[in-house]
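This report concerns only the one structure given below.
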Amino acid sequence: MAREGDVDESKRATLRRFAALGATSPFVGFAKESDSDAPDALLGYVAATPGAHFSKIRDDLQLGTGETQHHLRRLERDGAVESREDGEYRRYFPAGRFSEFERVALGYLRRETPRGMVVALLRDPDASGTAVAEQLGVSAPTVSKYASQLEEAGLLSREDGYALERPETLLLLLVQHADSFGPEAAELAADADDIVTYDP
């Protein structure tokens with residue numbers, strides 16, 4: 001069983017690690033009025049994990065709910081981060097860095113099944129819904145449900161099978177932030193040169 005001191009040291013180490021990323025942010029000055037590492041850690045975390053929702057940010061940084069709310073509100077008020085509602089989630093992004101399409105896309109890429117669908121369709125643009133379901137180990141109705149959501153969000157067309165909208169942008173987001181998405185994104189990033197083709 002972890003002792004309280006071990007937990008506190010783990011939290012401090014996590015905050016310091018993300019604070020080092022936040023310290024490189026152009027908004028670092030906003031965080032300096034606080035004695036806490038939390039503002040810089042939040043800046044670093046949001047930069048490394050754009051589109052993460054509030055609970056994940058709080059839990060990964062081992063912060064309290066009130067502390068997380070306080071610092072995120074301040075950072076948002078000061079123009080360092082921005083957020084958007086996404087169903088029952090509020091997702092956070094570095095300010096001014098992503099277009100609306102990219103913010104919507106990142107929100108869906110933070111969800112396991114939609115991300116898996118995007119990865120599958122980037123690898124095989126002609127894949128059917130059934131093939132995608134088999135590859136992901138989920139049911140065809142589950143894929144159909146998420147395909148409807150992705151279509152409504154402007155990330156997928158279902159006019160003639162499944163076709164990703166702006167696949168180059170989706171691939172770039174996955175490659176740039178592969179470390180924060182999980183193994184399938186890391187594998188996709190490693191294979192990106194083979195996926196991107198030049199056809200003059």
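Residues in region 157-181 that are closer than 17 Å to ARG111 by Cα and touching a residue at least 12 places away in the same chain (Cβ under 8 Å): LEU164, LEU170, LEU171, LEU173, LEU174, VAL175, HIS177, ASP179, SER180, PHE181. Of the helices (runs of 4 or more DSSP H) lying entirely inside region 150-200, those carrying at least 1 residues that are open to solvent by less than 100 Å² (accessible area, probe 1.4 Å) and under 23 Å from ASP86 (Cα atoms) are 167-176, 183-190.
For SER180, state whether it is small (Gly, Ala, Ser) and within 25 Å of GLY44 (Cβ to Cβ). Judged against the criteria, SER180 is a match. Of the helices (runs of 4 or more DSSP H) entirely within region 44-141, those holding at least 2 residues that are within 24 Å of ASP179 (Cα to Cα) and either touching a Cys at 6+ places or on another chain (Cβ under 6 Å) or open to solvent by 20 Å² or more (accessible area, probe 1.4 Å) (or both) occupy 54-60, 100-109, 112-123, 129-136.
The values are calculated or read from the model by the stated rules, or taken from the named source; none is laboratory data. All of these numbers come straight from a predicted model, not from anything done at the bench. With ideal geometry, Cβ positions are generated from the backbone for all residues, glycine too; neighbour counts draw on all protein chains shown. Note: areas computed on protein heavy atoms with side chains; ligands, DNA, RNA excluded. Shrake-Rupley method; radii C 1.70, N 1.55, O 1.52, S 1.80 Å.
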